[in-house]
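Derivation of every value follows stated rules applied to the coordinates shown; laboratory data play no part. Fair warning: this is a prediction, and the values are worked out from it, not measured in the lab. Cβ atoms come from the backbone with ideal geometry, glycine included; neighbour counts cover every protein chain shown.
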Amino acid sequence: MRPFKLICALALALSTLTSHAAAPKPLDPAAQLAAKQEPTRKVVYKEITGRELHLHIFEPKGLKPGDKRPCFLTIHGGGWRGGEPRRMYPFAAHFAELGMVGISLEYRLVTTKGTNTVFDCVKDGRSAMRYIRANAKELGIDPNRIAVNGGSAGGHVAASTALFHGVDESTDDMKFSSVPNAMVLYYPVIDTSAEGYGNKLIGARWQELSPADQVKPGVPPTLILHGSGDKTTPFKGALKFQAAMLKAGNRCELTVNEGGPHGYLMFDGVLFNDALIQTELFLKSLGWMK
């Protein structure tokens, strides 16, 4: 092949490879919504190790300081090591449209250097709940109607607000309870034993951060949405948690998506909307929504 033709052929091949490599990955339905949404405002709820952590707040129409609106606090997943608040914007925005104060949480992520651990993620979730209660009047929130929600590791952080007493930041105002009034958990990390998720990452103290192993009487009413085909946060963990909740006399509803993989409701528009409806019905059963 002549040099000129060889150069042209190589350029064409490189162009083809570059175009394929640059092709953006299609956004799933939840991400498509999130890309277009912005919170009403962001509020610092905690300063730790030189960093500010924010509540990304979606306010309902007509909200005034002193209102007592129910609150929907939602927490993103990502194995405690990834993810961002925007991932859960669609949930915060949806419930704000229904008259609640919707909040998506920013929290510290586990780092490879070990400066942050899962215990820090838990502490941030509990700090956020205390901040919301302490500032409920200014935020227009009813401190007795706060639902915490999360997906995957975010579901774990959500559950931690009700269960892991004593895993608290030393700077927290302990006059205010971190325990929510309801929990809605999507395919959560609910069992951190060797048969569940996160055992090696948490380490020897895993049982302290295992929701299924920390259930006691008085845990708030809980709704769990989980796929039976989940291999990441195994479905049997949800069954274990529900059994422990019912045995302790707590309300715990488990809605099963047959064969559903981890995160199933984020990747299908119909299933995403079904999840919203199921969550609405649960909150209505508590008398929080008309």
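Couple of notes before you dig in:
- Amide H contacts of F58 (H built 1.01 Å from N, under 5 Å, at least 5 apart or other chain): T40, G102, I103, S104
- Sequence-ordered 3J(HN,Hα) estimates for segment 117-124 from the Karplus curve with 6.51, -1.76 and 1.60 and θ = phi - 60° stand at 10, 4, 4, 5, 4, 4, 4, 5 Hz, glycine and proline given as x.
- Formal net charge of residues neighbouring M100 (Cβ-Cβ distance under 10 Å; K, R +1; D, E -1): -1
- Take each peptide in 87-100, 215-228, count the other Cβ atoms within 10 Å of every residue, and average; sorted highest first, the result is 87-100, 215-228.
- Working ranking of peptides 32-42, 176-186 by packing, defined as the average number of other Cβ atoms within 10 Å per residue, highest first, is 176-186, 32-42.
- Cα-Cα over 27 Å, subset of K36/K240; K42/K64; K64/K175; K25/K46; K64/K284; K25/K200: K36/K240; K25/K46; K25/K200
- The helix-only estimate of mean residue ellipticity at 222 nm for the chain, built from DSSP H runs of length n ≥ 4 each weighted as -39500 (n - 2.57), is -10500 deg cm²/dmol after division by the residue total.
- More than 18 Å apart - percent of Cα-Cα pairs taken over segment 137-243: 48
- The phi-based Karplus calculation (6.51 cos²θ - 1.76 cosθ + 1.60; θ = phi - 60°) puts the 3J(HN,Hα) values of segment 234-243 at x, 4, 5, x, 5, 5, 4, 5, 4, 4 Hz, whole numbers, x for Gly and Pro.
- Antiparallel content of DSSP bridges confined to segment 28-285, in %, to 5: 30
- Peptides 75-81, 123-129, ordered by how many other C-beta atoms sit within 10 Å of their residues on average, highest first, read 123-129, 75-81.
- 17 Å reach of a label modelled at A35, 7 Å along Cα-to-Cβ, counting backbone N of segment 252-290: 266-269
- Karplus-derived HN-Hα couplings along segment 151-156 (A = 6.51, B = -1.76, C = 1.60, θ = phi - 60°), whole Hz, x at Gly and Pro: x, 6, 5, x, x, 5
- As a rough footprinting exposure proxy, the listed residues F72, F119, F235 were ranked by other beta carbons within 10 Å of their own, and the order from fewest upward is F119, F235, F72.
- V101, V110 arranged by Cβ crowding within 10 Å, fewest neighbours leading: V110, V101
- Only one residue of L246, V44, H94 has its Cα farthest out toward the positive end of the dipole of the chain, where Lys and Arg carry +1 and Asp and Glu -1 on Cβ, and that residue is V44.
- A prolate overall shape is assigned to the chain, the ratio a/c of its alpha-carbon gyration tensor axes (a ≥ b ≥ c) being 1.5 or greater and a/b exceeding b/c.
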